[in-house]
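The values are calculated or read from the model by the stated rules, or taken from the named source; none is laboratory data. Nothing here was measured: the structure is a model prediction, and the numbers come from that model. Using ideal geometry, Cβ is built from the backbone for each residue, glycine included, and neighbour counts are taken over all protein chains shown. Heads up: the accessible areas ignore ligands, DNA and RNA and are worked out on the full protein's heavy atoms, side chains in. Shrake-Rupley method; radii C 1.70, N 1.55, O 1.52, S 1.80 Å.
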Amino acid sequence: MHRSAPRLSRILACAAVPVMLVAVGCSSDSGSDGKKNAGSSSSGSPSTKPSEPTVEPAKFADLPDPCGSIAKKTIEDLVPSAKKKNGTAGRSNDLAARSSCSWNGLDDKGVKGSQYRWLDVGFTRFDSDQSLGSGAKRATDDYAKQITKTKATEGAEKLAAEPAAGIGEEATLVTYGLSKTDEDFAYATVVARTGNVVVTLTYNGAGYAGAKTPSSADIVKGAQKAAKEAVAAVADTAGDAATTPPAKDEKDGKDGKKDTAKGTSTSKPKSKLKSS
């Protein structure tokens, strides 16, 4: 009896050991798996910033020659006695971003008086910028600013603004009268946008020495005609740049093909092009 009790205790103690080991082993494995899962989860999904949407590229990369943007025949009709037939170009630090040209002249009609005319056209081009927005959006903002600026002309009388159909993607016509140098002037300004370019054209006139002030209808008609030509010149310039191939010597071009086929260098034809 005395021997069986200690023996029974040892058997029970030994029987309990595997259970504890199993429990410890399970808890150890779950902890290991938890760490592995946490590590794999964090490494599998690295924290990256979402990519910003790219802005659409600008439609036009250059501007037309402002003094050549309006046909000579149109200039002769609108400013019949222009001091400079080819116009006077405005100053600009970057002609691919901003340019302008103007014409003015006094048509002397003798005893019937004289007629003064002034025409000005300006171009502003906007590039696409990731932080500032697309060129078209920036041009749209400037388009609105130019209209507001024109409407705020000091001393303007009988000012009116309305959409101008058929000129660019959007256009506004602003008309008003202005008294200066003791004469009454009739003004018409067309602000238009085509792609990422804003075109602002102003045409005005006055009668001197007893001559009548030109009608607002005539001034508007002239301004709209010139504005359409200026807007078309923007697209024409882009088309010329896209379709005009770079000038190259035909002989050099053939030599270049031969060299390429043979796998030799084309440095010799290139040097000829540079020296020409």
Those residues of the stretch 177-193 which are among the aromatic types (Phe, Trp, Tyr) and over 30 Å from PHE60 (Cβ atoms) amount to PHE185
Quick count over the stretch 75-117, residues being of a type outside the set (Gly, Ala, Ser), touching a residue at least 12 places away in the same chain (Cβ under 8 Å) and assigned to a loop (DSSP other than H, G, I, E, B), is 8
Restricted to the stretch 119-135 and to residues being of a type in the set (D, E, K, R) and closer than 18 Å to VAL199 by Cβ, the residue surrounded by the most Cβ atoms within 10 Å (Cβ to Cβ) is ARG125
Checking ALA139, ALA144 in turn, the sole residue that is under 24 Å from GLU162 (Cα atoms), of a type outside the set (Lys, Arg) and free of Cβ contacts under 8 Å to residues at least 12 places away in the same chain turns out to be ALA144
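Anything in the stretch 197-208 that is under 28 Å from the mean Cα position of the chain (by Cα) and open to solvent by 30 Å² or more (accessible area, probe 1.4 Å)? List them, or say none.
Residue satisfying the conditions is THR200 alone.
Sort out for me the strands (runs of 3 or more DSSP E) sitting completely within the stretch 136-196 that have 2 or more residues that are touching a strand residue (DSSP E or B) at 6+ places or on another chain (Cβ under 6 Å) and open to solvent by less than 20 Å² (accessible area, probe 1.4 Å).
Correct list: 170-180, 183-194.
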In the stretch 118-135, anything more than 10 Å from the chain's Cα centre (by Cα) and either of a type outside the set (S, T, N, Q) or part of a strand (DSSP E or B) (or both) is listed as TRP118, LEU119, ASP120, VAL121, GLY122, PHE123, LEU132
Within the stretch 44-93, of all residues that are over 30 Å from ILE219 (Cα atoms) and either touching a Lys or Arg at 6+ places or on another chain (Cβ under 9 Å) or surrounded by 12 or more Cβ atoms within 10 Å (Cβ to Cβ) (or both), the one modelled with the lowest pLDDT is VAL55
Within the stretch 209-238, residues buried (at least 19 other Cβ atoms within 10 Å of the Cβ) and polar (S, T, N, Q) come out as GLN224, THR237
Subset of the stretch 204-249, residues over 28 Å from LEU159 (Cβ atoms), of a type outside the set (A, V, I, L, M, F, W, C) and modelled with pLDDT of 95 or more, comes to ASP236
